[in-house]
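Below: the structure, in structure tokens.
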Amino acid sequence: MNDDRDTLQGLIRRQYPYGFYTDIETESVPPGLSEDIIRYISTRKGEPEWLTEWRLRAYRYWLTLREPHWANVKYPPIDYQAITYYVAPRSIAQGPRSLDEVDPRLLETYNKLGIPLHEQQILAGVAVDAIFDSVSVGTTLKEQLEKLGIIFCPISEAIREYPDLVRKYLGTVVPYTDNFFAALNSAVFTDGSFCYIPPGVRCPVDLSTYFRINAARSGQFERTLIVVDEGGYVSYLEGCTAPMRDENQLHAAVVELVALDNAQIKYSTVQNWYPGDEQGRGGIYNFVTKRGICLGRNSKISWTQVEVGSAITWKYPSCILKGDNSVGEFYSVAVTTHYQQADTGTKMIHLGKNTRSTIISKGISAGFAQNTYRGLVRIAPNAEGARNYTRCDSLLIGDKCGAHTFPVIESANETAIIEHEATTSKISEDQVFYCLQRGLSVQDAVNLIVIGFCKEIIQELPLEFAVEAKKLLEVSLEGSVG
Amino acid sequence: MESHQNRYPILEIRQLHAEVEGKTILHGINLTIYPGEVHAIMGPNGSGKSTLASVLVGDPAYKVLKGEVIFCGRNLLELKPEERAREGLFLAFQYPVELPGVSTMSFLRAALNQIRRHRGLDELDPTEFISLLREKAAKLDLNENILKRSVNEGFSGGERKRNEILQMAVLEPKLAILDEPDSGLDIDALKLVASNLASLRRPDSAQLIITHYQRLLSYIEPDYVHVLVDGRIVISGDKSLAHELERKGYGWVTGTPSI
């Protein structure tokens, strides 16, 4: 039909529906980073001495580091003194809170994002922790979870309420010495989610954190820690959005997962940070360190990510397979359009015997975008019988984008079995024409082919997330074919 | 031959000239097809048979130089490929492509619903669609496994051809063009394809079958046979023409000895 084009244009304009800004009174620190700022943040959050000291050690270490530039991404230098490291809605920053006391404008923000927080309307089967700039707005379903002994709350609250538990695990999977952005995060992290599943408990609902960057010229540095005790299970979901702005904003998060004997963690991300406009102006720099450790025997950590947002994505959700027979999985779809850049992948570190890992990565590139898979599979000398299967597929739409893969395999045990498969393909004109001849539009054809390409990953997502992910893939590719 | 009084043609091709990559392939095709008819186009390799099919469905690699095509009263050449399909034009491709990961069911449902919307009909929900699909597959004596797999992925030549015919059965086009539905098939598969096509004959629609060999036509009984040589239809007749060609070879119509 002749209005296809108009509709398509309309869809391009509508492309990022979460780009609005919530006008709300905030409390913040002046821009820039110093020991004083870190002390201020720590005091403001009522933290114990050991944490303040830990932050300062991280900061001093960070000062000795240089920003890494080995990733296949390009961006102008970041002025770390121009970033505001703590911004909180005034109503949240001061005084105690329950969801009833939260500023209605904040609740409205989450309603607009499709994440209702009020008890009457909360999403069935999902408990949500909502993080707005530097602080948590509130957590739903808390009481129901507490009855099972499950702790799910903002990490700032966990530091106050469960200091021993936090202290035992914080920084054990991602030490502040790990890398530049992890050191920065350790120094300035303001909030994030904490979750603890007690022995033998299978968490009956999906736990979810929704990250929202609202304030301008601020960064978001959240820290998430999930510990699943022996025989426990949790499925955790993470979603992210930000307003549309012409300048870039930094998001440098750290996520640590710990699975004890027979524990299982399924961690799913749908990352939809503002990607910048069609000319590549603005967007979030998503520089994130995510790592899980299978500490116990027969434990399992599974990462699933659908990455469609951000101007630049730099993240490698990884698994350290320490316990014998432990299992690590990484399922990823990374979509880059216009001028987006993604350098993403995983590390599977096999330390224990009979450890197994699976990596399935699907990169989709359109427009002028660059999409890189970077991965490491390391088999330690004692990892008898370790196995890895890796598959990296790249799909190109158009002829001005790029796909790159940098897989590294290091095996120090001759009993290990490692398989690696990789393909790069283009959506062919023949495929599109075949669909057109059956009555489908070009956009429908591309959507079908892309969803088909990502099928194995989408299947790994919890159902309600899978539906959202499919829609997101369709919307983010609107207008990428001409 | 029967009279066409009081009936409108499904397809009317007048003086169609077309080129691909700067080379003129069709030099003035004239062809009229009425509802209920089955036409066969035969011809030696390179005579323009597949080009004709590609031009009719709007393959962008082909350029129309001259002539007109009226499809159910509309100027076909003005329509985009997907609009032609929605209007009821279907091509069973000679080499159907694979769509990895795209399930045959969801693909075909998306296509059918697009066409139904165009015709002002309600879309079918997955349950309604699956029963329709099962019914069509059973009529074609087709194994249901094909429906669960990705479109043409890892299909044998025969499976691809039959998947095209299944799609034709589901989409119910006014005109189905079949580009060498017999190529690469053994005799058993060929008979099956022929009987499938025969079962899909309807008084309100038509089939245009492109084939190089007469053997498919022994099972299909076309109403008309046209022989295409160098981009022109040089002779038309009934099915006996196919037998004659088989006996005498294409040299009989091209004036060059058959190899």
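The values are calculated or read from the model by the stated rules, or taken from the named source; none is laboratory data. Keep in mind that what you see is a predicted model, and the values were worked out from it rather than measured. Because the Cβ atoms are built from the backbone with ideal geometry, glycine has one as well, and the counts that use them run over all protein chains shown.
Pick from the range B:80-99 the residues that are among the small types (Gly, Ala, Ser) and over 9 Å from the mean Cα position of the chain (by Cα): which of them is nearest to the other protein chains (Cβ to nearest Cβ)? The residue in question is B:85.
Of all the criteria given as (1) more than 14 Å from chain B (Cβ to nearest Cβ); (2) in contact with a strand residue (DSSP E or B) (Cβ under 9 Å, 6 or more places away or on another chain); (3) part of a helix (DSSP H, G or I), the one not satisfied by residue A:413 is (3).
Considering only the range B:39-68, how many residues are among the β-branched types (Val, Ile, Thr), crowded, with 22+ Cβ neighbours inside 10 Å and not in a helix (DSSP H, G or I)? Number of matching residues: 1.
Got a sec? Which of B:147, B:166, B:185, B:124 is without any contact (Cβ under 8 Å) to a residue 24 or more places away in the chain, surrounded by 13 or more Cβ atoms within 10 Å (Cβ to Cβ) and of a type outside the set (D, E, K, R)?
Values: B:147 fails: without any contact (Cβ under 8 Å) to a residue 24 or more places away in the chain; B:166 fails: without any contact (Cβ under 8 Å) to a residue 24 or more places away in the chain; B:185 fails: without any contact (Cβ under 8 Å) to a residue 24 or more places away in the chain.
B:124 is the lone residue from the list that is without any contact (Cβ under 8 Å) to a residue 24 or more places away in the chain, surrounded by 13 or more Cβ atoms within 10 Å (Cβ to Cβ) and of a type outside the set (D, E, K, R).
Taking the criterion of being part of a loop (DSSP other than H, G, I, E, B) and within 12 Å of another protein chain (Cβ to nearest Cβ), the only residue of the range B:100-147 that qualifies is B:119. Taking the stated definitions as given, is residue B:99 closer than 30 Å to residue B:130 by Cβ, buried (at least 18 other Cβ atoms within 10 Å of the Cβ) and of a type outside the set (D, E, K, R)? It is true that residue B:99 is closer than 30 Å to residue B:130 by Cβ, buried (at least 18 other Cβ atoms within 10 Å of the Cβ) and of a type outside the set (D, E, K, R).
Restricting attention to the range A:427-448, does a residue exist that is at the interface with chain B (Cβ under 9 Å from one of its Cβ atoms), part of a strand (DSSP E or B) and free of Cβ contacts under 8 Å to residues at least 60 places away in the same chain? No, that holds for no residue. If the condition is being more than 14 Å from chain A (Cβ to nearest Cβ) and either among the hydroxyl-bearing types (Ser, Thr, Tyr) or more than 22 Å from residue B:174 (Cβ to Cβ) (or both), then the range B:60-79 contributes B:63, B:65, B:66.
So that you can scan it fast, the table gives a plain yes or no per residue for (1) charged (D, E, K, R); (2) part of a helix (DSSP H, G or I); (3) on the phi < 0 side of the Ramachandran plot; (4) more than 14 Å from chain B (Cβ to nearest Cβ):
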residue: A:392; (1), (2), (3), (4): no, no, yes, yes
residue: A:453; (1), (2), (3), (4): no, yes, yes, no
residue: A:468; (1), (2), (3), (4): yes, yes, yes, yes
residue: A:472; (1), (2), (3), (4): no, yes, yes, yes
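If you check B:64, B:69, B:57, which single one turns out to be among the aliphatic types (A, V, I, L, M), at pLDDT 95 or above and under 21 Å from residue B:235 (Cα atoms)? Reasoning before the result, please.
On the way: B:64 fails: under 21 Å from residue B:235 (Cα atoms); B:57 fails: under 21 Å from residue B:235 (Cα atoms).
Answer to the check: B:69.
Quick one: how many residues across the range A:384-408 are of a type in the set (A, V, I, L, M) and exposed (fewer than 15 other Cβ atoms within 10 Å of the Cβ)?
So in the range A:384-408, the residues of a type in the set (A, V, I, L, M) come out as A:386, A:395-397, A:403, A:408.
Still in the list and also exposed (fewer than 15 other Cβ atoms within 10 Å of the Cβ): A:408.
So the count comes out to 1.
The set of residues from the range A:433-459 being farther than 24 Å from residue B:148 by Cβ and among the hydrophobic types (A, V, I, L, M, F, W, C) comprises A:433, A:436, A:442. Across the range A:313-335, the number of residues qualifying as touching a Cys at 6+ places or on another chain (Cβ under 7 Å) and closer than 15 Å to residue A:364 by Cβ comes to 1.
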